[in-house]
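All of the numbers you see were taken from the coordinates with simple rules; none came from a lab. Bear in mind that the values here come from a model prediction, so they are computed numbers and not experimental data. Cβ placement follows ideal geometry from the backbone for every residue including glycine, while neighbour counts extend to all protein chains displayed.
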Amino acid sequence: MPRILARPLTEKEVRALTKTSALGGVPGLVLRIRPGRAKAYALVKNIGGVRRLWTIGQYGIISLSAARARAAKMVEAIEEGRDPTEEKRTVFKVSKREATYTVYRLLLDFLRAEDARGRWDNRGRMPHVKKAEGWINNHMGKKFLAKDAKKLTAQDVAAEFQTKWLSMRSIPEKCIGEIKRAYDWGMALQKIPLMDNPASLRGALGHLLPPSSARPKRTHMPYLEPEKMPAFCRELMRRSGCGSRALLFSILTASRSDNVLKARWDQIDLERCVFTIPREEMKIKGLSFARETPLSPAAVAILQGLPRHETPAGQPNWVFRNFQNGNGHISPNTWRALILRIDRETEGHPYHDPIEVDDFGRHRLPVPHGLARASFDTWARNPTKYGHELFDPDFIEACLDHFSPKYGGAYMRAYPLEDMRKIFDEWASFLMSNI
């Protein structure tokens, strides 16, 4: 503890001072008096032969007793080898950071609150909060997220997303849309004051970002022309891994990737030859009945050839299991790597989309969604070219689960399974014609 002087000056004596003087009570405590400057309490100390001075506060703003208390704490810090100036700066920075309601905190508070309120249907797919956190962490800069939420402007948002707006198609809209909804929520719950929403594309932001004509054109999922599909399926059959079987199963059933990757054995009925997916796990969720896909003999043969293993209690019994990842299912990256490997190992690199090109003008490799659905749809709607009978367009849409609960599917209560089965059997025969 600092040494207490015998007779510290009183408030009256301090008020009468006309030049810089020691105040007593704490060694080194002085009142600095300089012409044209406000009086101020300060602590003066010699440390290692160097005279150091720390300002405590302005005379008249803080009392003499408060100045002595602060000086005593500073002397104690000095005796313990700590720098009072750095400690003061740290406390100031922490208090300032805690007091600022940042864009990042607003976004997280919005996501947590709305998720708890049940705003998003997270059943069977990646939770919306996880996806939004990915957009925040991967596509928003730290300086942008650290800005004071109530001071954010449309100019700030435009500067943050200018480059991505010109180089990416959907991610900027998702990020900006999440910010807009967070600001609407924050103003409604009085987290931030009422203000013009800085992320509204109908406001100033829409005039600050480049026009749509300067942005990348919307593209389709790359696919393969149906006439190349039998050779591609032959390449898949030549490989024995679980990934190749899963991709082939997805193509045979024209299924969305997520539904096949997360397929469970309790969804498979090998007696009826039907793959059933709960409606909440489908992209179209408004229909009142589960998705049913008839399985062709080729699809059934794939399932029968897969290994079956005991699953720990409470764990999903995945059909296409990733044995290198514990009890998880295979990853979409497995399919992407498989398609790339097939292209590299095939002479002439024939497996590319005939239309879609990348930024360098090279034809793009097909993606699983395009292989399973675009190639199927193209084949099904061209009976003369591919040598099959004319299929009813409604049955083709049923195979793809292309129904809206408000329009085409408003009165549906069940799938035309046997009519769909006929189409899928024809599709399988076509795909396996080179095997």
Structure-based [θ]222 nm, the chain - -39500 (n - 2.57) summed over DSSP H runs of at least 4, per residue, nearest 500: -12500 deg cm²/dmol
For the stretch 155-170, take each phi angle, set θ = phi - 60°, evaluate the Karplus expression 6.51 cos²θ - 1.76 cosθ + 1.60, and give the result in whole Hz per residue in order, putting x for glycine and proline. 5, 5, 5, 4, 5, 5, 10, 4, 5, 5, 4, 8, 10, 10, 9, 10
Given a 10 angstrom Cα cut-off, can you work out which residue in R52, R119, R279 is the most mobile in a GNM of the chain? R52
Simple spin-label estimate for Q155/S240, 7 Å along Cα→Cβ, in nm, reads 6.6 nm
Under 10 Å, Cα contacts only: if you run a Gaussian network model on the chain, which one of A263, A214, A154 comes out with the highest mean-square fluctuation? A214
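Using Cα pairs under 8 angstrom and six or more residues apart, how large is the relative contact order of the stretch 103-214, in percent?
Computed over the stretch 103-214, the figure is 31 percent.
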Take peptides 240-252, 302-314 and line them up by average Cβ neighbours within 10 Å, highest first, as a rough protection proxy. 240-252, 302-314
Applying a 10 Å radius around every beta-carbon, put 12-18, 220-226, 127-133 in order of their mean neighbour count, most first. 220-226, 127-133, 12-18
Cα gyration tensor shape of the stretch 103-214, rounded if a/c is under 1.5, else prolate or oblate by comparing a/b with b/c: oblate
If contacts are Cα pairs under 8 angstrom and at least 6 residues apart, what is the relative contact order of the chain in percent? 13 percent
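As a test, work out the antiparallel percent of DSSP beta bridges whose residues both lie in the chain, rounded to the nearest 5. Intermediate results must be reported in sequence, preceding the final value.
Values: 24 of 25 bridges.
So the antiparallel bridges amount to about 95 percent of the total.
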With the crude spin-label approximation of a point 7 Å out along Cα→Cβ, what separation in nm comes out for A188 versus T346? 5.0 nm
Violating pairs (Cα-Cα greater than 24 angstrom) within the set K73/K143; K150/K174; K73/K147; K131/K164; K217/K262; K228/K262: K73/K143; K73/K147; K217/K262; K228/K262
Projecting each Cα onto the charge dipole of the chain (Lys/Arg +1, Asp/Glu -1 at the beta carbon, about the Cα centre), which of H369, L205, F403 comes out farthest on the positive side? L205
Trypsin sites (Lys or Arg not before Pro) restricted to DSSP loop in the stretch 352-404 with at most 14 other C-beta within 10 Å: R362, R381
Cα→Cβ-extended label distance, 7 Å offset, between I355 and A38, nm: 7.2 nm
Sequence order, the stretch 328-335: Karplus ³J(HN,Hα) from phi using 6.51 cos²θ - 1.76 cosθ + 1.60, θ = phi - 60°, Hz rounded, Gly and Pro as x, gives x, 9, 5, 9, x, 4, 4, 5
Would you mind telling me which residue in S212, S296, S255 has the biggest mean-square fluctuation in a Gaussian network model of the chain, where springs connect alpha carbons within a distance under 10 angstrom? S212
